[in-house]
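These notes are about the structure you will find just below.
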């Protein structure tokens, strides 16, 4: 649908199960989306939809691990995403490039996968220049990690904590923290949970039956 709200809606894809858009490649050629599987569709996989409509959707990554929160790098050559393939949620990078003449039409090759978060993480976001990644750690701390591209490789620096938002009352490692970052990485738009209500103290009276004997 046109961003101005004019015109008519156009159906891009009906997969027959829950799907949700995640990101559009910078050149507008590929839509990255999540697709649910399993009981109550709790498990998810990352899929790619070619916006040209000339090719069928395809999996970004193989395997049985849960994958979500995928985002293209500003140059469109990498995807940052969350996966639990190690037994807990971690942030990964994988290279993404369009097919060559020797590959099958409609496919995209991925390679160079590496783990970015050192000890748990999810929901990565890129700074506009592609030199910094942000993600949410297991204790809900918003983390920053510098990344430098050297040829076809990424060099990753040490992760550092920025601040700890409060996305709600859910378990920290599973709470959804909806956020976005300004192009220069200096400001964040983020959801926070309402402050917890304070309760009046409870007074416990022991041996209260003795009061009736007086």
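The values are calculated or read from the model by the stated rules, or taken from the named source; none is laboratory data. Here the structure is a predicted model, which is why all the values come from computation and not from measurement. Cβ sites come from the backbone with ideal geometry, for glycine too, and all protein chains shown count toward neighbours.
What the table shows:
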{"read-out": "Some residue of segment 42-50 being part of a loop (DSSP other than H, G, I, E, B) and over 21 Å from the mean Cα position of the chain (by Cα)", "value": "no"}
{"read-out": "Matching residues, segment 191-214, being at pLDDT 70 or above, more than 30 Å from residue 123 (Cα to Cα) and in a loop (DSSP other than H, G, I, E, B)", "value": "200, 201, 202, 203, 204, 205, 206, 207"}
{"read-out": "Every residue from segment 9-41 that is part of a strand (DSSP E or B) and crowded, with 16+ Cβ neighbours inside 10 Å", "value": "19, 22, 23, 24, 30, 31, 32, 33, 34, 35, 36"}
{"read-out": "Complete set of residues in segment 45-55 that are surrounded by 16 or more Cβ atoms within 10 Å (Cβ to Cβ) and at pLDDT 85 or above", "value": "45, 46, 47, 48, 49, 50"}
{"read-out": "Restricting segment 137-159 to residues that are assigned to a loop (DSSP other than H, G, I, E, B) and touching a residue at least 24 places away in the same chain (Cβ under 8 Å), the residue that is nearest to residue 96 (Cα to Cα)", "value": "152"}
{"read-out": "Candidate set: segment 56-101, residues that are assigned to a strand (DSSP E or B) and surrounded by fewer than 17 Cβ atoms within 10 Å (Cβ to Cβ); chosen: the one modelled with the lowest pLDDT", "value": "97"}
